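Visitor: Following this message is one structure expressed as structure tokens.
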Amino acid sequence: MSRWIEGRVVSNRRWTNQLYSLQIDAPIEPFKAGQFTRLGLDIDGKRVGRPYSFINAPHERYVEIYSITVLGGPLSGRLFELQAGDTIWIVPKGAGFFTLSEVPEADHLWMLSTGTALGPFLAILKTDEPWQRFKKIVLAHAVRTVEELTYQDMIGALCQAHPDQLTFIPFVSREDTDFAIKGRIPRAIEDGRLEEKTSMPLTPYTSQVMLCGNPAMLTDTTKVLEARGFKKNKRKQKGHITTENYW
Ligand SMILES: Cc1cc2nc3c(=O)[nH]c(=O)nc-3n(C[C@H](O)[C@H](O)[C@H](O)COP(=O)(O)OP(=O)(O)OC[C@H]3O[C@@H](n4cnc5c(N)ncnc54)[C@H](O)[C@@H]3O)c2cc1C
Ligand SMILES: NC(=O)c1ccc[n+]([C@@H]2O[C@H](COP(=O)([O-])OP(=O)(O)OC[C@H]3O[C@@H](n4cnc5c(N)ncnc54)[C@H](OP(=O)(O)O)[C@@H]3O)[C@@H](O)[C@H]2O)c1
């Protein structure tokens, strides 16, 4: 059973008319970067709660979550409406195994995300561990339109701080750009465009892959990686693909 505590919204940054980031002040317990909490609101007399990844690193002052309003979804649209000073329920304990402590050693770490699932990767990249463990890190963010390529300031700062280690690869599926890979992540692995853009080989001998977001992306990407010899990373049997499904 979830134990809820009350938090207070510090800010609600609306990136688009659907995408938003909430900062929340709440006395939560220590957690690991990559984990998620649960947020809740009382709607028509009933508590509605959903999991949300921490975007903030464990050492940062406020809880931050990044979300999108989903048509017909009971909670996400209501979270979008929150303003500074509003109260919100939050579970103080972090949960989940989408953390670097679950990822075996490798030279290269590939962090592949769709939509709001960029979030847990930002939390991880704001800690020291990835930079100490991996020679090269690729962060890919796959979205429908250019305006959904959010957190560019934070990503830019990470690239500046780690110019020889971090490569950011945007994917845009429904608009033409002169900078992003067009289309979807699994296709760009299959046809070699992701390796070409990063100038890095994507092989199980050199790489660990973390996948987060749309479950169909996880399934399709796992399939193309398995065709290259990658194996799922399980707690009892180490492999190369560590995943977090968002629905
Ligand atoms: C471990 C975990 C971590 C999560 N972390 C986040 C997070 O950090 N940010 C976030 O926005 N969501 C996250 N989610 C999803 C989140 O819990 C909610 O499902 C989402 O906010 C929609 O809530 P809802 O009540 O409005 O609709 P729901 O009834 O929960 O969902 C309705 C439908 O919306 C779609 N959907 C749900 N989440 C998303 C999404 N993020 N992007 C696109 N389509 C979606 C799916 O088709 C789903 O069936 C996470 C889910 C899990 C399981
Ligand atoms: N109705 C609308 O026009 C509209 C617009 C925006 C958002 N929304 C709402 O927002 C939600 C979607 O949010 P989102 O755009 O952040 O998430 P999303 O649907 O998961 O899309 C994010 C990215 O993932 C890609 N993707 C989808 N399936 C994939 C697969 N099998 N393999 C690899 N990549 C895949 C998408 O490519 P593709 O573009 O090729 O699918 C897109 O580039 C919807 O549930 C909806 O409620 C609706």
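Visitor: What list of whole percents do you get for P(r) of the range 135-197, with Cα-Cα distances grouped in 5 Å bins up to the one holding the largest distance?
Guide: That works out to 4, 18, 27, 24, 18, 8, 1, in percent per bin.
Visitor: Rolling a 1.4 angstrom probe over the protein heavy atoms, how many square angstrom per residue are accessible across the chain? Don't skip to the end; give the middle numbers.
Guide: Details: 12340 Å² over 247 residues.
For the chain, the solvent-accessible area averages 50 Å² per residue.
Visitor: Mind listing the long-range amide H neighbours of L166? Cut-off is under 5 Å, sequence gap 5 or more, other chains count too, H placed in the peptide plane at 1.01 Å from N.
Guide: Result for L166 returns I137.
Visitor: If you place +1 on the Cβ of every Lys and Arg, -1 on the Cβ of every Asp and Glu, and leave all else neutral, what size is the dipole of the range 62-148 about its Cα centre, to the nearest 20 Debye? If you can, show how the numbers build up before the last one.
Guide: On the way: 7 positive and 10 negative charges, 20 e Å.
Approximately 100 debye in magnitude.
Visitor: Step through the residues of the range 11-20 one at a time and calculate ³J(HN,Hα) from phi using the Karplus curve (6.51 cos²θ - 1.76 cosθ + 1.60, θ = phi - 60°), rounding each to whole Hz and writing x for Gly and Pro.
Guide: Rounded to whole hertz, the list is 7, 10, 8, 9, 7, 9, 7, 10, 9, 8.
Visitor: Taking the Cα centre of the chain as origin, sum charge times position over the Cβ atoms of Lys and Arg (+1) and Asp and Glu (-1), and report the length of that vector in debye to the nearest 20.
Guide: So the dipole magnitude of the chain works out to roughly 820 debye.
Visitor: Return the calculated 222 nm mean residue ellipticity for the chain, to the nearest 500 deg cm²/dmol, obtained by summing -39500 (n - 2.57) across DSSP H runs with n ≥ 4 and dividing by the residue count.
Guide: So the calculated ellipticity at 222 nm is -5500 deg cm²/dmol.
Visitor: Over the chain, what is the relative contact order in whole percent, taking alpha-carbon pairs under 8 Å and six or more residues apart?
Guide: Reported as a whole number, the value is 18 percent.
Visitor: For the chain, take the longest principal axis of its alpha carbons; what is the angle in degrees between that and the long axis of helix 152-161, to the nearest 10 within 0 to 90?
Guide: 50 degrees
Visitor: Follow-up. Calculate the length of the line joining the C-alpha centroid of the range 145-197 to that of the range 59-107, in whole Å.
Guide: When both Cα centres are located, 23 Å separates them.
Visitor: Sort 116-128, 68-80, 16-28, 204-216 by packing, meaning the average of other beta carbons within 10 Å per residue, with the highest value first.
Guide: Details: 116-128: 23.1, 68-80: 15.2, 16-28: 17.8, 204-216: 20.2.
Highest-to-lowest ranking by the protection proxy: 116-128, 204-216, 16-28, 68-80.
Visitor: Right, something else. Between helix 215-226 and the chain, what is the angle of the helix's C-alpha long axis to the longest principal axis, kept within 0 to 90° and rounded to the nearest 10?
Guide: 20 degrees
Visitor: Let me ask something else about it. Just need the relative contact order of the range 72-188 here, percent rounded to a whole number, with Cα pairs under 8 Å and 6+ apart.
Guide: 20 percent
The values are calculated or read from the model by the stated rules, or taken from the named source; none is laboratory data. All values reported here derive from a predicted model rather than from experimental measurement. Note: ideal-geometry Cβ built from the backbone for every residue, glycine included; neighbour counts use all protein chains shown. Protein only, heavy atoms only, side chains kept; ligands, DNA and RNA dropped before computing areas. Shrake-Rupley method; radii C 1.70, N 1.55, O 1.52, S 1.80 Å.
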